[in-house]
């Protein structure tokens, strides 16, 4: 079977409408609040979302006690919460991962595929330097959240 290869382009409105095109948000919340309120947010663009999963951050972070409706911890297509008492360990995991990523090793990764109605495989270029910049912002966001006494909500 012949498979069409599509390299995701963030500038393409058609690509941004694909279900494989995922973004996310991390919010500061307080689990003890009586009503839902976000105190700060960090957006995860589609490139960094794909890199987040490619570099195995959810698996590493799931050593922490995430609360999620599905009980899968930190996972795609889900919402998960992490109590502020675990943010120091989260920051260490992020910082350790940052140290292990080679900023010069660009990769093209497979995001997903389907066979019908025609075979299509979806790919994305991963720029490790760009992802490292995001991880630096995330590490700082986690540290500031801990200082503010906030918990984290992941909407992936």
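Being touching a strand residue (DSSP E or B) at 6+ places or on another chain (Cβ under 8 Å), closer than 17 Å to residue 152 by Cβ and without any contact (Cβ under 8 Å) to a residue 12 or more places away in the chain is the filter here, so list the residues in region 1-49 that pass it.
36, 37 - these are the residues of region 1-49 that are touching a strand residue (DSSP E or B) at 6+ places or on another chain (Cβ under 8 Å), closer than 17 Å to residue 152 by Cβ and without any contact (Cβ under 8 Å) to a residue 12 or more places away in the chain.
Could you tell me whether residue 70 is under 25 Å from residue 105 (Cβ atoms), surrounded by fewer than 13 Cβ atoms within 10 Å (Cβ to Cβ) and at pLDDT below 90?
Criteria not met by residue 70.
So which of 152, 111, 135, 82 is without any contact (Cβ under 8 Å) to a residue 60 or more places away in the chain and in contact with a helix residue (DSSP H, G or I) (Cβ under 8 Å, 6 or more places away or on another chain)?
Being without any contact (Cβ under 8 Å) to a residue 60 or more places away in the chain and in contact with a helix residue (DSSP H, G or I) (Cβ under 8 Å, 6 or more places away or on another chain) holds for just one of 152, 111, 135, 82, which is 135.
In region 117-138, which residue that is more than 15 Å from the chain's Cα centre (by Cα) and closer than 15 Å to residue 54 by Cβ is surrounded by the fewest Cβ atoms within 10 Å (Cβ to Cβ)?
Result: 129.
Can you find even one residue in region 79-94 that is within 14 Å of the chain's Cα centre (by Cα), more than 18 Å from residue 151 (Cβ to Cβ) and either surrounded by fewer than 17 Cβ atoms within 10 Å (Cβ to Cβ) or at pLDDT below 95 (or both)?
Within region 79-94, none of the residues are within 14 Å of the chain's Cα centre (by Cα), more than 18 Å from residue 151 (Cβ to Cβ) and either surrounded by fewer than 17 Cβ atoms within 10 Å (Cβ to Cβ) or at pLDDT below 95 (or both).
Of all residues in region 19-37, which are part of a loop (DSSP other than H, G, I, E, B) and more than 28 Å from residue 103 (Cβ to Cβ)?
Matches in region 19-37: 19, 30, 31, 32, 33, 34, 35, 36, 37.
Search region 114-132 for residues being out of contact with any strand residue (DSSP E or B) (no Cβ under 8 Å at 6 or more places or on another chain) and without any contact (Cβ under 8 Å) to a residue 60 or more places away in the chain, and hand back the single one that is farthest from residue 89 (Cα to Cα).
That would be 117.
The values are calculated or read from the model by the stated rules, or taken from the named source; none is laboratory data. From a predicted model like this one, the values you see are computed outputs, not experimental measurements. Using ideal geometry, Cβ is built from the backbone for each residue, glycine included, and neighbour counts are taken over all protein chains shown.
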